[in-house]
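Below you'll find the structure, written out as structure tokens, and then a few comments.
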Amino acid sequence: MSDVDVRPPAAATGTAGAADEPSGVRGAFSALTARMRGGDLGVAPVVAGLIVIWTVMQILNPVFLSSDNLSNLTMEMVPVGVISLGVVFMLLVGQIDLSVGSLSGVSAAVTAVLFVDQGFNPWLAVLAAVALACLIGWVYAQVFNRFGVPSFVITLAGLLGFLGLQLHVLGAKGAINLPFDSKLVTFAQLDFVPPWLAYTLVVIAAAALYGTGQARASARRKAGLTATSQRMLVLRSVAVLAGLALAVWYLNRDRGVGWMFVFFLALVLVANYVLTRTKYGKAVYAVGGNVEAARRAGINVRTIYTSAFVICTTLAAIGGILAAARLAAANQSTGAGDVNLNAIAAAVIGGTSLFGGRGGAWASLLGILVIQSISNGLTLLNLDSSYRFMVTGVVLMLAVALDSVARRSRASAGRA
């Protein structure tokens, strides 16, 4: 890959461009307003939608925002959220994977068979299932790169094929129960972060935000560019510290923060760093934005596509294994139903563009939080799944329509 510096768009990274880095609170607000007027809406629509959903659900059922329910909500969203994180990588390069749901089911089935039926160490069984998913992603990429078969067709074939493979792996039993005392099950159901450690992680997160911001500001000043002021860095870190500490305190009124949710957050943070702070991430956005321009800039487009396929299938496998651990069983419904569509919808609702080149890792977290909030709230209201499908469909349509309008706004403003 060439060392050509292809920067991801500002809306994808959450930062302003080189010429408009905010230098204070007023500057940050002005830069945000300018970006939104130019069509770079960022996460604002998602956050606004989430506030509306939570407000409505709380009015209809006061239990919704209880610490007990929110603790359950954070755990329930993880399996599909992890799968959605992989979908984000595919959408960023302008492709799609329709097989993530069935692939997650196959991975769960393989893990259960190796662990329970064959007596493998549980972590070795997980590793085998993830390795198989990596291989499948690589095969997808070879078919796409060498033969030019559209990713839609490749993964649609995978969806059908892996549904059959899942049934074959599970055999006549149709379901395999995982031991309740196994590390897999306790991790997904019973393991919660001790309060003292949760607060420690909050402090570390705020300090890391300040440290990375300070390093970036110093680098920009040395290059003769405007940079975020010291005051703004401190205010931002204090706001994050206060917000996260409040969330941890509230969740600790019940069971607290689950380790599985922390694991999901760690994946999102790593993915965000890779996409926004590395040359690989810049290449991903470049390929999704304009593949021919990326190729002429010296980027190995085939390698980027291959990595996106492999990351997507790997995270699909991890999400499927977590879903099985959460249920303490792998069965024919694991990865089936609306898992596939919810994973893709979460990425889009969270702000990742279907047109490629725009979005980010946080889209998976925000999107699945919206979808799971709808599901959880309607369940508390004793409404059946038909309402959940309809409401989620409306939200998805609004998200895509908003993305299309924003894309036209960016084009008219010369930022497409």
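Okay, here's what the table says:
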{"read-out": "Among [x] 118; [y] 148; [z] 127, the entry that matches volume of the Cα convex hull per residue in Å³ as calculated here", "value": "[y]"}
{"read-out": "Sequence-distant lysines (8 or more away, or on other chains) whose Cα lies within less than 23 Å of residue 282", "value": "222"}
{"read-out": "Residue-averaged [θ]222 nm for the chain, counting only DSSP H segments that reach four residues, each worth -39500 (n - 2.57)", "value": "-23500 deg cm²/dmol"}
{"read-out": "Charge-dipole axis of the chain as Lys and Arg at +1 and Asp and Glu at -1 on Cβ define it, positive-most pick from 306, 169, 285", "value": "285"}
{"read-out": "Neighbourhood net charge (15 Å Cβ-Cβ; Lys/Arg +1, Asp/Glu -1) for residue 379", "value": "-3"}
{"read-out": "Top positive-direction residue, dipole computed over segment 234-305 with Cβ charges, set 297, 249, 265", "value": "297"}
{"read-out": "Three-way shape label, segment 317-383, alpha-carbon gyration tensor, a/c 1.5", "value": "oblate"}
{"read-out": "Net charge over other residues, Cβ less than 10 angstrom from the Cβ of residue 72 (K, R count +1; D, E count -1)", "value": "-2"}
{"read-out": "Cβ-placed point charges (K, R +1; D, E -1), dipole of segment 219-336 about Cα centre in debye, nearest 20", "value": "620"}
{"read-out": "Heavy-atom accessible area ranking, 1.4 Å probe, most first, across 326, 302", "value": "302, 326"}
{"read-out": "Relative contact order computed over the chain (Cα-Cα under 8 Å; 6+ residues apart), in percent", "value": "36"}
{"read-out": "Nearest-20 debye value, the chain charge dipole, Cβ charges on Lys, Arg, Asp, Glu", "value": "1520"}
{"read-out": "In Hz, Karplus ³J(HN,Hα) per residue of segment 271-281 (6.51, -1.76, 1.60; θ = phi - 60°; x = Gly, Pro)", "value": "4, 5, 4, 4, 6, 10, 10, 10, 5, 4, x"}
{"read-out": "Highest-first arrangement of 104-111, 356-363, 222-229, where packing means the average Cβ count within 10 Å", "value": "104-111, 356-363, 222-229"}
{"read-out": "Among 234, 130, 395: highest mean-square fluctuation, GNM of the chain, C-alpha pairs under 10 Å", "value": "234"}
{"read-out": "Vicinal HN-Hα couplings computed from phi for segment 62-73 (Karplus, 6.51 cos²θ - 1.76 cosθ + 1.60; Hz; Gly/Pro x)", "value": "x, 6, 4, 8, 5, 4, 4, 5, 5, 5, 5, 4"}
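The values are calculated or read from the model by the stated rules, or taken from the named source; none is laboratory data. Note that the structure is predicted; figures quoted are calculated from it, not measured. Backbone-built Cβ (ideal geometry, glycine too); neighbour counts: all protein chains shown. When the accessible area is computed, the model is the full protein with side chains, heavy atoms only, and any ligands, DNA or RNA have been set aside. Shrake-Rupley method; radii C 1.70, N 1.55, O 1.52, S 1.80 Å.
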